[in-house]
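K.L.:
Can you keep this structure in mind? I'll have questions shortly.
The values are calculated or read from the model by the stated rules, or taken from the named source; none is laboratory data. Remember, predicted model here, so these are calculated numbers, not experimental data. Cβ placement follows ideal geometry from the backbone for every residue including glycine, while neighbour counts extend to all protein chains displayed. The area values use the complete protein model at the heavy-atom level, side chains included, leaving out ligands, DNA and RNA. Shrake-Rupley method; radii C 1.70, N 1.55, O 1.52, S 1.80 Å.
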Amino acid sequence: MNAPATKEIPPALQMLQLISGFWVSRCVYVLAKLGIPDLLKDGPKSAAELASATGAHAPSLFRVLRALAAVDVLTQTSADRFGNTPLSETLRSDVPGSLRAFAMTELGEEHYPAWGELMHSVRTGGIAFDQAFGEPVWEFFAKNPENAKIFNDAMSGMTTQAETALHAAYDFEGIDTIMDVGGGHGGLITSILKRNPDIRGILFDAPQVVEGAQAKLAASGVADRVRLVGGDFFKSVPEGADAITMKWIIHDWNDEQSVAIMKNCHRALPANGKLILIEAVVPPGGEMHFAKFMDLNMLVMTGGRERTEEEFRRLYEAAGFRLTRIVPTESPFSIIEGVRVQ
Ligand code: SAH
């Protein structure tokens, strides 16, 4: 049997590739931010044409495009012309589950400087973002609507990416009213209601986020079945749902904060109500999993973490729930279901 290709690369070269990984990431950021994959959707263009359409410096942009073509993010069709590849197509604004906003938020103005302070988190256990910006990320977003919009679009894109896998793995049937807590711009709740015509929904998030969700919801065709509520999940969440979903919420918070949010869900749910978390689950062994690096993203951004099955089980118990099952999906997310026991 042939060894995997990476095994044939000398360790020093592999290490050089790892060390320079962020060079590639930053080029992807420039590509996404300038919207170049959108400009290439009808065919290849020259660096000069792309520079004049984006207000960039043509010779420098050329060098970024050439480097990206070397790693298959673009194709170099002639000395000075570049076209999209399947990789850059994912960064177009108009494709379902677009990763453009995700590339912009992760590699741009807030996550990137926070990662620059990773050493602060490692040395002190503190939150690198707070060190870099002087305030927690949610306060920063509340004051910087442009950044917040990109972040919310990024979350919507990631939810669209995972939607098919989530619905293939888990049936929401039998639920009367479902509430998505921290539901952002409503991607998840909309996808549940579209597939389940008898379910009603509540979308709960910070007031300014819910406000931003209104237009998207109006266009979704299910707006008449969704109630929008703005608030703070550390204070309370609305009553009226027999199941609550939280996607990518608990990973933002430490154990104490997570239990506080889950206890507020407990208060709002009826007996036997379901609390469904949609999160990546860290596998126990040493294998590669998206969750192991997302975990560091949480370390630097929010002080949260990705968790193992056992760690989720303990959170559920501490908040008055019993973890009933974990359903893996074809996406990095699993569906973690718990039932209210007290
Ligand atoms: N569930 C969405 C968004 C995840 S991002 C998705 O997976 O796409 C985390 C969300 O938590 C953001 O929308 C943020 O506005 C919300 N959030 C953070 N702090 C909050 C609080 N105290 N009360 C309510 N929502 C909050």
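K.L.:
Give me the pairs: first residue in region 158-186 and in a helix (DSSP H, G or I), second residue within 15 Å of the ligand (Cβ to nearest atom) and among the aromatic types (F, W, Y), beta-carbon distance under 7 Å, and six or more apart or on different chains, which are they?
P.N.:
M158/F102; A162/F333; L166/F333
K.L.:
Determine if region 204-211 includes at least one residue that is more than 10 Å from the ligand (Cβ to nearest atom), within 24 Å of G231 (Cα to Cα) and at pLDDT below 95.
P.N.:
Looking only at region 204-211, we keep the residues that are more than 10 Å from the ligand (Cβ to nearest atom), and these are 211.
With the extra rule that they be within 24 Å of G231 (Cα to Cα), the set shrinks to 211.
Narrowing the set further to residues that are at pLDDT below 95 leaves 211.
Looking for residues that are more than 10 Å from the ligand (Cβ to nearest atom), within 24 Å of G231 (Cα to Cα) and at pLDDT below 95, one finds at least one in region 204-211, hence yes.
K.L.:
Do the conditions hold for G285, that is, is it out of contact with any strand residue (DSSP E or B) (no Cβ under 6 Å at 6 or more places or on another chain), free of Cβ contacts under 8 Å to residues at least 40 places away in the same chain and within 11 Å of the ligand (Cβ to nearest atom)? It would help to see each step written out before you state the result.
P.N.:
Working: out of contact with any strand residue (DSSP E or B) (no Cβ under 6 Å at 6 or more places or on another chain): yes; free of Cβ contacts under 8 Å to residues at least 40 places away in the same chain: yes; within 11 Å of the ligand (Cβ to nearest atom): no.
Answer is no for this residue.
K.L.:
In region 183-202, what residues are buried (at least 21 other Cβ atoms within 10 Å of the Cβ) and either of a type in the set (K, R) or within 10 Å of the ligand (Cβ to nearest atom) (or both)?
P.N.:
Within region 183-202, G183, G184, H185, G186, G187, L188, I189 meet the criteria.
K.L.:
List the pairs whose first member sits in region 54-74 and is more than 19 Å from E89 (Cβ to Cβ), whose second member is open to solvent by 80 Å² or more (accessible area, probe 1.4 Å), and whose Cβ atoms are under 8 Å apart, counting only residues at least 6 apart or on separate chains?
P.N.:
Going by the 8 Å Cβ cut-off, the qualifying pairs are A58/S52.
K.L.:
Can you tell me which residue in region 103-145 is farthest from G35 (Cα to Cα), limited to those that are within 15 Å of the ligand (Cβ to nearest atom), open to solvent by 40 Å² or more (accessible area, probe 1.4 Å) and outside any loop (DSSP other than H, G, I, E, B)?
P.N.:
D130
K.L.:
Out of curiosity, is G240 within 13 Å of the ligand (Cβ to nearest atom) and of a type in the set (G, A, S)?
P.N.:
Details: within 13 Å of the ligand (Cβ to nearest atom): no; of a type in the set (G, A, S): yes.
Answer is no for this residue.
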